[in-house]
1. Could you please state, rounded to a whole Å, how far the C-alpha centre of the range 207-222 is from the C-alpha centre of the range 46-112?
2. Given only helices, namely DSSP H runs of n ≥ 4 each adding -39500 (n - 2.57), what is the per-residue ellipticity at 222 nm of the chain, to the nearest 500 deg cm²/dmol?
3. Amide H to amide H under 5 Å from Lys127: which residues, 5+ apart in sequence or cross-chain, H placed 1.01 Å off N in plane?
4. What would the Debye equation give as log₁₀ I(q)/I(0) for the range 2-221 at q = 0.08, 0.09, 0.17 Å⁻¹, counting only Cα atoms as equal point scatterers?
5. Loop-only trypsin sites (Lys or Arg not before Pro) in the range 81-137, please: DSSP not H, G, I, E or B, and at most 15 other Cβ atoms within 10 Å.
6. Step through the residues of the range 70-77 one at a time and calculate ³J(HN,Hα) from phi using the Karplus curve (6.51 cos²θ - 1.76 cosθ + 1.60, θ = phi - 60°), rounding each to whole Hz and writing x for Gly and Pro.
7. Report, by chain and number, residues whose modeled amide H sits under 5 Å from the one on Ala159, excluding near sequence neighbours (fewer than 5 apart, same chain).
8. Determine the relative contact order of the range 2-221: mean sequence separation of Cα pairs under 8 Å and six or more apart, normalised by residue count, in whole percent.
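A short reminder: the numbers here are calculations on the coordinates, not readings from a lab. Since the structure is predicted, the reported quantities are computational estimates derived from the model, not experimental observations. Using ideal geometry, Cβ is built from the backbone for each residue, glycine included, and neighbour counts are taken over all protein chains shown.
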Amino acid sequence: MGVVVVAAGSGRRLGADRPKAFVELAGVTLLEHALRGVVAAGVDEVAVVVPLDLVTQAEAVAAPLGAPTGPTMTVVAGGAERTDSVAAGLSVLSERVHLVLVHDAARCLTPAAVFDRVLAALERGAKGAIPGVPVVDTIKTVDPDGFITGTPSRDSLRAVQTPQGFRRDVLEEAHASGVSATDDAALVEALGHRVLVVEGDHRSLKITTPEDLAHAERLLRA
Ligand code: C5P
């Protein structure tokens with residue numbers, strides 16, 4: 001199994017002086033936290049996708065966690081959109097990889113059990129499986145002027161996370177469509193494939209704002 005860890009975003013909303021993956025949480029970069037989590041999940045290959053000017057720095061983070069004791073790690077430069085970064089990571093996984101998980105480095109505290117649930121669903125034959133949690137807020141859809149157009153039933157809603165897992169052929173077909181999306185499942189759904197939502201975890205939050213970073217520090221301490 002291979003994992004694409006996308007860490008090439010700028011992280012503007014975090015307001016730090018460096019790209020998000022290189023911001024520290026309890027003295028360790030988000031990238032290193034994320035890679036430790038991926039290694040703990042017991043994967044064979046990892047593609048680490050970072051901004052072009054940080055490839056060397058990311059290699060220094062990845063190398064001690066990789067082969068010979070850990071998975072094969074390949075660091076590659078990402079693209080302008082998240083979808084481009086995922087495609088760059090996919091392109092460096094070896095031919096042997098048939099199941100791929102795509103994981104946001106920003107979700108650097110994802111427990112190994114979440115990786116296991118996604119992988120188990122793929123091994124049972126799902127073409128795609130992603131973690132999700134029920135939503136606690138009532139969600140509204142609105143028009144461009146802000147007026148409500150609908151209130152979907154909360155029972156049918158999930159807030160989805162990563163790692164998102166797919167059969168490699170399905171994910172590559174989805175990326176070949178050339179469409180961009182905020183998650184990979186959306187590309188796969190657009191092809192008409194069924195994607196299963198498995199149980200996510202509240203610790204798998206996506207660190208986006210300074211408040212998220214503070215929340216993650218509290219989770220780590222707990
Ligand atoms: O921007 P967003 O919050 O959706 O980013 C989710 C993940 O995708 C982050 O881990 C970020 O580093 C990554 N990303 C990327 N390349 C981009 C944009 C985002 O690898 N061009």
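1. 23
2. Values: 7 runs with 68 residues, N = 222.
One gets -9000 deg cm²/dmol as the mean residue ellipticity at 222 nm.
3. Hits under the 5 Å cutoff: none.
4. Log10 of I(q)/I(0), two decimals: -0.27, -0.35, -1.27.
5. Values: sites: Arg82, Arg96, Arg107, Arg117, Arg124, Lys127; in loops: Arg96, Arg107, Arg124, Lys127.
Passing sites in the range 81-137 are Arg96, Arg124.
6. Couplings: x, x, 5, 10, 10, 9, 9, 6 Hz.
7. So Ala159 has HN proximity to Val133, Val135.
8. On the way: 436 pairs, mean separation 51.2, N = 220.
The value is 23 percent.
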